[in-house]
Amino acid sequence: MLHLLAPLLALALPSLPSLPSLPDPVTVVFALNTLAAVFSAINVISQRNPVYCALFLVANFFCLAVYYLLLDAQFLAAVQIIVYAGAIMVLFLFVVTLLAPGREEVANDRLRVLQIPAVLLGVILGGGVAVSLMFNDIHLGLPPDPDNASAQLGTVQIVGSQLFQHFLFPFEITSLLLLVAMLGAVVLAKRRIQ
């Protein structure tokens, strides 16, 4: 809306120097979303209450969905909100309340000495990922036409072909991992009841 006012102000006040150009709205949304994503990610790892951690993780999932929308990947944004922010977080909160009913606060943190090495390893990992992304040519299986490529990035066809042609083995391993986690939660819950 502000970008519409700049030409009107330039016509109304011709003696003033030219107004600086306003940033693109997509850039503004990206910057605000990045601030929200970093704030929620820091709170996920710094909160002592696991329920608050889960709520900040939901906020981070919504920020990730906004990134998908900025990339014109509407299908991925919808799946991100429905699957992760919806179903997975409900399951996570159920497990948290099942395993620790009435005990939301953690008294003393035995792993506090590992926080500094964890941050250092996270920075090293992030730097390694950034370097590998900068120096590698990433092919997404998109058509060579650059104008048509961004329009098809988040379509069901592209996601399905990538998932079931190139990433079938990791997809199946993830499903087995989720099955084992569910069985572990059932075994832990059954042991507490007895």
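Quick rundown of the values:
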| quantity | calculated |
| --- | --- |
| Quarter of the Cα convex hull surface for segment 155-194, i.e. its orientation-mean projected area (nm²) | 3.3 |
| Estimated FRET transfer efficiency when R0 is 22 angstrom, pair residue 113-residue 42 (beta carbons, to 0.05) | 0.65 |
| Label-point separation in nm, residue 123 to residue 173, each point 7 Å along Cα→Cβ | 3.0 |
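Only the coordinates and a few stated rules stand behind these numbers; no lab work does. The shown structure was predicted, so the numbers you read here are calculated from the model rather than taken from an experiment. Reconstructed Cβ throughout: ideal geometry from the backbone, glycine too, with neighbour counts over all protein chains shown.
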